[in-house]
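The values are calculated or read from the model by the stated rules, or taken from the named source; none is laboratory data. Just so you know, these numbers come straight off a predicted model, no measurement behind them. Cβ placement follows ideal geometry from the backbone for every residue including glycine, while neighbour counts extend to all protein chains displayed. These accessible areas exclude ligands, DNA and RNA; they are computed on the full protein's heavy atoms, side chains included. Shrake-Rupley method; radii C 1.70, N 1.55, O 1.52, S 1.80 Å.
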Amino acid sequence: MFRTSHLLFKLALAALVVVGLFMVYLDARITATFSDKMWELSAKVYARPLELFAGAALTPGDLAYELEVLGYRTVTTPRQPGEVSRNQNRVDLYARGFDFPDEREPQRRVLVEFSGARVKAVSAGGTGIDLMRLDPVQVGGIYPRQGGEDRLLVRLADVPEVFRRGLMAVEDRSFDQHWGFSIGGIARAAFSNLRSGQVVSGGSTITQQLVKNYYLTSERTLVRKLTEVLMAVLLELHYEKDQILESYINEVYLGQDGPRAVHGFALAAQHYFDKPLEQLDLHQQALLIGMIKGPSLYNPERNPQRALERRNVILEVMADQGVIAPEQAAAARAMPLGLNNRGRIRDSFPAFLELVRRQLSRDYREEDLTTRGLSIFTSFDPLLQRQLESSTAAVMEQLDRSGKLQTASVVTRFDTGEVAALVGGRKARYAGFNRALDARRPAGSLLKPAIYLAALERPGQFSLATVLSDTPLTIKAAGAKPWQPQNFDRKSHGDVLLYQALAQSYNLASARLGMQLGVDAVVDMLARLGVEEGVPRLPALLLGAGEYSPVDMATMYQTIAAGGFRMPLRSIRDIVDVNGEPLKRYPLEYERTVGLQAVHLLHFALRAVVHEGTGHGVYNYLPQDFAVAGKTGTTNDGRDSWFAGFSGDLLAVSWIGRDDNGVTGLTGGSGALKVWAHFMSRASKQPLAYRMPDDIQTQWIDDRSGYLTGEGCPNSRILPFITGSEPRQRTDCAPRDSGSGVKDWFESLFGRNG
Amino acid sequence: MALSQLLFRGAVVSLVILLAGCSTYTPPVSVPTPVAKQPEPKVVTPPVKMPQAPPRPTTPSADAALQPLLAKAGQAAQRGDYEQALALLERAQRIGPDSAQVYLGMAQTHRARGDAAQARATAERGLLYCTTDAQCNALRAFTR
């Protein structure tokens, strides 16, 4: 007897010790993790904000698209942030405002008036606004590759009172009083379930639910349930009610968005309604509260009817509990679900996001990007992207119905070196092989400007009027078989002026020029233009051998377009941490790598390409007086079709080819040029201006001999020269009045009178 | 050292504001009063040679939008917050990419923070966009 009771006592003691140790363990687990629980917050990637000011080159249609992408709702009269009304040339909108890295853009109602393709005036309440910006489109996030949790953090102080009380009315009425679990709550839940004839709420307190989500698996066993209760009590002992509620509001799971799990009410508000939690209407608040019980069962996108019924039950409970007045509940019940109406814009630009990711990976660890809640402000321009995608689709459809051809394009603003739009394949909206970044192709004649620039940098030897010989040649290199380049038309063209050789993309003249300068000089020039990888130090480089991506070519032409200033292509402007503190800025930096005068002469030759050379097809798309410059590129048997060029505001590089490196049957001019010109004719707002730098002057030249000649003489045309590099020889023709009055494209840049 | 730095910052700001005053468009809002005064930089250079060049394509000016940004950039530079000044100037550049005034502001800010190479490169680039002798001379002064 004594023995058994003794044994029982021992057992009880042992059990107590075990439970005690278990509680110590649980307690340690809670205190170690809860107070500094690292929420995993994905990085948010934003497009450039649209700047609004009088004189901005923007059409009402552009603004309408931007607002649509931003999820602004069209109404008769905008009364709250995120609403817009449009009437012909007037757009009346209630801007949401945004905390930019530099300053806050306020919420305000503004009127934007248009005149043609420009903003005429921006005003608020009759007062003019010099400059404002819309909130930026969130184009994506950087989530863990395998998918995972995502949330937006919200502070309890920012959660609307009605929402908070509604949440407690539905999920945990005695939250403010209980110790972590509630017998009364369980009883009440059972009663209200019984009364309404359906399960309105489970008996778990908010604390229990939090513990469950936080620490425990979803298995339903007694031990797990007891652990849950114990931990809930411990949590309540250690932490304030407000801390627990705030954690719950940020933790709760509310549905799936592709691979990422939507956690917390703030992200759910953005995801389902495109609004911050603070701005939700009552019926929207009720819907989110109702979704806790079954995020997929009551998913308003998949099961709208069930979600609506559930929402209305919640509204009823809120009215019963005195959170809202019965009339408010009745009004909210009459509302539709009120989901966002935009086409899914987020994560539909995988190619650009990949570029952003690569640039980030130089400065940040993958883990930081997917967990620290960074805001990444990029140069992505949704309006240019839309045009690039539609131009790509239109031209590709016309060129190749079979779908075998692939394409990629890059668009930058060359004044700042910012990438504005990117297409990485024919299906622009699908992630996959990103040809803009990862294609490795020979560039054909796209590299030729490097040869000509290297020559024009030596004004003592070369000018645009230097006579080159476009005749067959054989290049012998040690250890390689002799190389005999050919012209595209398999002919030789005899003596040609330097600018003509580039405009007509003559291979023989170009190879001769390159050999005269030396392959090393061309490799060096490519490096100064920003192309350093994949460049073979071989004669074949002169005609474009090597491995280059469209982004590489954009870097090269960017330097040319910017006047010889190399700048890294940038896609990121600023990075801000989760508290809105600036972390990093990617500043604009110019590096002068090529002489301004030589680049100026190259610009002339690249203008000649589109006016009288292989790129003349661009003027099937562009108006004749819209000045641009560019270069075609074609590789062996038309395996690659390239075009690179720029106007006054944009630079674009397009490529067409096959993933299996097969023959396309296209040249640069019959393929990529069309994508480029189709895009430019619709997207570029400014023609290339003519700005003559110091130490450049123009001369009349005989176009056949390259001699100086007189105005109005046979074959005369005007060319720019670096001072001192003009031809020495002169024709014996005296200047005369040119009777015809016909000016060539270059002459007309000067606005000369006959 | 400190005094000369202060004077230099003052000069930077006044130059920005001064050039802002040169623009053809008068913004409807009042431009902040200059903090310090400085005469136009006296740089003797041959006039820009732009023979027979016609007026540039007439794009409506973004001047009214630029002025508040330039003024704020000037203030930031005066505080010694060059990062903020450059961020504002870059925003200005995106709005008015062919404004020589913006390039000048950038060049001045780069110099103030001690980056002569960047000041020079920026000014050289800005020379492509200057339209008045005063602007061109001010930019050219950085390239020597």
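Details
- Listed by position, the helices (runs of 4 or more DSSP H) enclosed by region A:219-302 that each have at least 3 residues that are crowded, with 21+ Cβ neighbours inside 10 Å and under 26 Å from the mean Cα position of the chain (by Cα) are A:265-273.
- Test: residue in region A:57-65 that is touching a residue at least 40 places away in the same chain (Cβ under 8 Å), within 14 Å of chain B (Cβ to nearest Cβ) and buried (at least 22 other Cβ atoms within 10 Å of the Cβ): no
- Breaking point among (1) open to solvent by 10 Å² or more (accessible area, probe 1.4 Å); (2) within 14 Å of chain B (Cβ to nearest Cβ), for A:Ser445: (2)
- Pairs meeting the criteria (first residue in region B:133-144 and free of Cβ contacts under 8 Å to residues at least 24 places away in the same chain and within 12 Å of B:Ala116 (Cβ to Cβ), second residue open to solvent by less than 30 Å² (accessible area, probe 1.4 Å) and of a type in the set (A, V, I, L, M), beta carbons under 7 Å, at least 6 apart or on different chains) are B:Thr143/B:Ala123.
- Condition check for A:Asp99 on (1) touching an Asp or Glu at 6+ places or on another chain (Cβ under 9 Å); (2) modelled with pLDDT of 95 or more; (3) acidic (Asp, Glu): one failure, at (2).
- For region A:415-467, the set of residues classified as of a type in the set (Gly, Ala, Ser) and assigned to a loop (DSSP other than H, G, I, E, B) consists of A:Gly417, A:Gly424, A:Gly425, A:Ala428, A:Ala431, A:Gly432, A:Ala439, A:Ala443, A:Gly460, A:Ser463, A:Ala465, listed by residue number.
- The lone exception for A:Asp577 - which of (1) open to solvent by 10 Å² or more (accessible area, probe 1.4 Å); (2) out of contact with any strand residue (DSSP E or B) (no Cβ under 7 Å at 6 or more places or on another chain) it fails: (2)
- Checked against (1) part of a helix (DSSP H, G or I); (2) in contact with a helix residue (DSSP H, G or I) (Cβ under 8 Å, 6 or more places away or on another chain); (3) surrounded by fewer than 18 Cβ atoms within 10 Å (Cβ to Cβ), A:Arg86 meets all criteria but (1).
- Residue check, B:Leu89 modelled with pLDDT of 95 or more, under 23 Å from A:Leu596 (Cβ atoms) and either open to solvent by less than 50 Å² (accessible area, probe 1.4 Å) or not hydrophobic (A, V, I, L, M, F, W, C) (or both): yes
- Residues considered: A:Asp703, A:Asp660. Of these, the only one that is away from every other protein chain (no Cβ under 14 Å), under 23 Å from A:Val742 (Cβ atoms) and more than 22 Å from the chain's Cα centre (by Cα) is A:Asp703.
- Restricted to region A:574-602, and to residues there that are under 27 Å from A:Trp39 (Cα atoms) and facing chain B (nearest Cβ under 8 Å), the residue that is modelled with the highest pLDDT is A:Asp574.
- A:Lys685 being within 14 Å of another protein chain (Cβ to nearest Cβ) and either surrounded by fewer than 17 Cβ atoms within 10 Å (Cβ to Cβ) or under 23 Å from A:Asp495 (Cβ atoms) (or both): yes
- Hits in region A:591-616 - residues which are open to solvent by 10 Å² or more (accessible area, probe 1.4 Å) and among the small types (Gly, Ala, Ser): A:Gly595
- Test: residue in region A:481-488 that is outside any strand (DSSP E or B), out of contact with any Gly (no Cβ under 7 Å at 6 or more places or on another chain), in contact (Cβ under 8 Å) with a residue 60 or more places away in the chain and open to solvent by 40 Å² or more (accessible area, probe 1.4 Å): yes
- Qualifying positions in region A:528-560 - among the small types (Gly, Ala, Ser) and farther than 17 Å from A:Thr416 by Cα: A:Gly534, A:Ala540, A:Gly544, A:Ala545, A:Gly546, A:Ser549
- Note on region A:98-186: enclosed strands (runs of 3 or more DSSP E) holding 2 or more residues that are in contact with a Gly (Cβ under 7 Å, 6 or more places away or on another chain), crowded, with 18+ Cβ neighbours inside 10 Å and away from every other protein chain (no Cβ under 14 Å) are A:148-151.
- Tally of residues being more than 9 Å from chain A (Cβ to nearest Cβ) and either open to solvent by 50 Å² or more (accessible area, probe 1.4 Å) or in contact (Cβ under 8 Å) with a residue 40 or more places away in the chain (or both) across region B:116-132: 4
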